[in-house]
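A quick write-up on the structure given underneath.
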Amino acid sequence: MRFSTHTHTNMAFSSVKPLSSIFSNSDPPLFTSAKTQQSLKKNNIDLSLSRRDFMNVGLCVMPLVLSPPPPPSIAREVAVGSYLPPSPTDSSFVLFKATPKDTPALRAGNVQPYTFILPPTWKQTRVANILSGNYCQPKCAEPWVEVKFEDEKQGKVQVVASPLIRLTNKPNATIEDIGTPEKVIASLGPFVTGNTLDPDELLETSIEKRGDLTYYKYVLETPYALTGSHNLAKATAKGNTVVLFVVSASDKQWSSSPKTLEAILDSFEV
């Protein structure tokens with residue numbers, strides 16, 4: 001291989017004219033005559049070809065280095081009904097069950113797996129890296145977005161996770177330890193609306209027990225929210241994290257699918 005490289009390199013450089021012969025101070029002034037212009041043109045052509053030959057040789061002798069392919073995107077630009085199993089409780093929905101392959105926080109163990117149902121026409125959407133918590137796991141100081149799904153005609157959902165210490169200093173606190181439903185939503189409201197939450201926008205709260213966890217549920221009318229004028233939310237705490245599930249819709253989406261959106265919210269479980 002060493003001999004071959006030397007041979008090809010010599011061949012590549014054999015046609016290259018010395019730079020001194022092309023750009024020598026003794027050359028006649030540029031464009032002083034047709035003969036000079038023709039000579040320069042010929043030199044430029046020769047030099048261009050030799051560079052091309054040299055690059056070809058370089059590609060032959062350089063080790064082949066392949067960049068690793070980018071990691072596959074977790075978000076799929078297809079309807080969830082094409083890859084998620086039917087819900088065991090309602091065959092008109094499919095079941096999403098989060099696993100460590102889905103989010104950085106699940107891989108780090110900061111969030112426990114969660115499940116919820118979706119209509120089969122919905123699609124998963126991408127979460128920007130800066131919002132995903134990928135840059136701060138396993139010790140994020142601010143809330144992050146786990147997953148997002150949406151349907152143009154019905155609405156959208158997202159799972160938001162917040163470090164427990166942002167809401168309380170008590171380790172492994174329950175949602176009740178943090179405070180009342182009103183206190184919790186006052187802290188997490190901006191992550192429901194995308195901007196701010198006025199206390200008057202909170203229409204209804206309720207408390208639900210599932211297994212050993214307590215869930216706070218919310219109905220909000222948010223005319224100025226970036227996420228939509230109608231928002232439903234559900235929050236619980238487990239381990240060192242508070243998990244918030246948000247279902248959002250515009251007026252048009254809400255008018256056509258209120259029962260569907262309520263069913264999605266009710267299905268959420270950590």
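The values are calculated or read from the model by the stated rules, or taken from the named source; none is laboratory data. What you see is a predicted model, and the numbers here were worked out from it, not measured in a lab. Using ideal geometry, Cβ is built from the backbone for each residue, glycine included, and neighbour counts are taken over all protein chains shown. Protein only, heavy atoms only, side chains kept; ligands, DNA and RNA dropped before computing areas. Shrake-Rupley method; radii C 1.70, N 1.55, O 1.52, S 1.80 Å.
Here are the numbers for this structure:
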item	result
Scaled radius of gyration (Cα, divided by 2.2 N^0.38 Å) that the stretch 95-238 gives	1.03
Greater than 28 Å apart at Cα, pairs in K170/K217; K123/K217; K139/K259; K153/K183; K139/K252	K139/K259; K153/K183; K139/K252
Förster-model FRET efficiency, 30 Å R0, S256 and E142, C-beta, rounded to 0.05	0.30
For the stretch 98-170: accessible area per residue (Å², 1.4 Å)	50
Accessible surface of the stretch 199-270, 1.4 Å probe, proportion on carbon and sulfur as whole %	50
Cα-projected label distance for T196 with R107, points at 7 Å along beta-carbon direction, nm	3.8
Contact order normalised by residue count of the stretch 133-270, Cα under 8 Å, 6+ apart, percent	25
